[in-house]
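First the structure, in the form of structure tokens, and then the observations on it.
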Amino acid sequence: TGVLDANIDTSSLKQEEKEEVIKIVQEAIETTLENRGVISQEDTVTVTDIDETTGEVTYEVNVNIQDVPLEDPFKDVSNALVAELDSTLSNPETMEAITNEI
């Protein structure tokens, strides 16, 4: 789970419109992370909310670590993935790529 400061104003949207924006943002984040090699096509990004006041996007990333040959795969992979997600999503170029997808 993470939060992305996207500054998206959904305060004037109807619920159906907000759901469509969430879907578009979700696809943009997922595509950008796939293109940058952070997640695979089998992994998923789910946007759970866009805060109407702050514009922050709350999201979850589900990663398949089934074939990772590590002593403690969940701990090792989750720590590495969180670091990579933070680094990638805090990069201005990544934010620009997400904005271009939207």
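Across the chain, Cα pairs under 8 Å and at least six residues apart give a relative contact order of 34 percent.
The C-alpha atoms of the chain define a longest principal axis, and helix 15-35 lies at about 40 degrees to it. The C-alpha atoms of the chain define a longest principal axis, and helix 73-89 lies at about 40 degrees to it. Projected onto its three principal axes, the C-alpha set of the chain covers 49, 26, 21 Å, listed from the longest axis down.
What whole-number value in Å² describes the accessible area per residue of the chain for a 1.4 Å probe?
65
With a 1.4 Å probe and all protein chains left in place, how much of the accessible area of the chain comes from carbon and sulfur atoms, in whole percent?
With neighbouring chains kept in place, the figure for the chain is 43 percent.
Per residue, the chain reaches -15500 deg cm²/dmol at 222 nm when only DSSP H runs of four or more residues are counted, each adding -39500 (n - 2.57). Here the Karplus relation 6.51 cos²θ - 1.76 cosθ + 1.60, evaluated at θ = phi - 60°, turns the backbone of region 41-46 into coupling constants of 5, 7, 7, 10, 10, 10 Hz, with x for every Gly and Pro. Angle of helix 92-101 to the longest C-alpha principal axis of the chain, folded into 0 to 90 degrees and rounded to 10: 60°.
The values are calculated or read from the model by the stated rules, or taken from the named source; none is laboratory data. Source: prediction; values computed, not measured. Side chains are part of the model used for accessible areas, which takes the heavy atoms of the whole protein and leaves out ligands, DNA and RNA. Shrake-Rupley method; radii C 1.70, N 1.55, O 1.52, S 1.80 Å.
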